[in-house]
Amino acid sequence: MRKYYTTEGDTTAKKAKNAYPKLALCEKCVGSYVVISEGERTYDECAKCGEDD
Ligand SMILES: [Zn+2]
């Protein structure tokens with residue numbers, strides 16, 4: 001089970017979508033991102049490692 005996290009991406013990007021991308025991340029990978037806020041749980045695969053249980 002992953003969760004959606006709003007993360008800090010390219011803060012110089014003009015589009016909020018790029019500055020603060022919303023990613024589905026597993027518990028292992030979320031530690032390597034700066035998390036702005038935590039969202040709902042999801043069955044989507046992890047955006048970083050592809051974990052999909
Ligand atoms: Zn992962």
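Rule-based calculations on the coordinates, nothing more; no lab input. Keep in mind that what you see is a predicted model, and the values were worked out from it rather than measured. As a convention, Cβ positions derive from the backbone with ideal geometry for all residues, glycine included, and neighbour counts pool all protein chains shown.
Does residue 30 qualify as being β-branched (Val, Ile, Thr) and within 11 Å of the ligand (Cβ to nearest atom)? Spelling it out, residue 30 is indeed β-branched (Val, Ile, Thr) and within 11 Å of the ligand (Cβ to nearest atom). Of all residues in the range 12-53, those satisfying the criterion of being acidic (Asp, Glu) and outside any loop (DSSP other than H, G, I, E, B) are 27, 38, 40. Taking the numbered list (1) within 16 Å of the ligand (Cβ to nearest atom); (2) in a loop (DSSP other than H, G, I, E, B); (3) surrounded by 11 or more Cβ atoms within 10 Å (Cβ to Cβ); (4) of a type outside the set (A, V, I, L, M, F, W, C) in turn, residue 9 passes all entries but (1).
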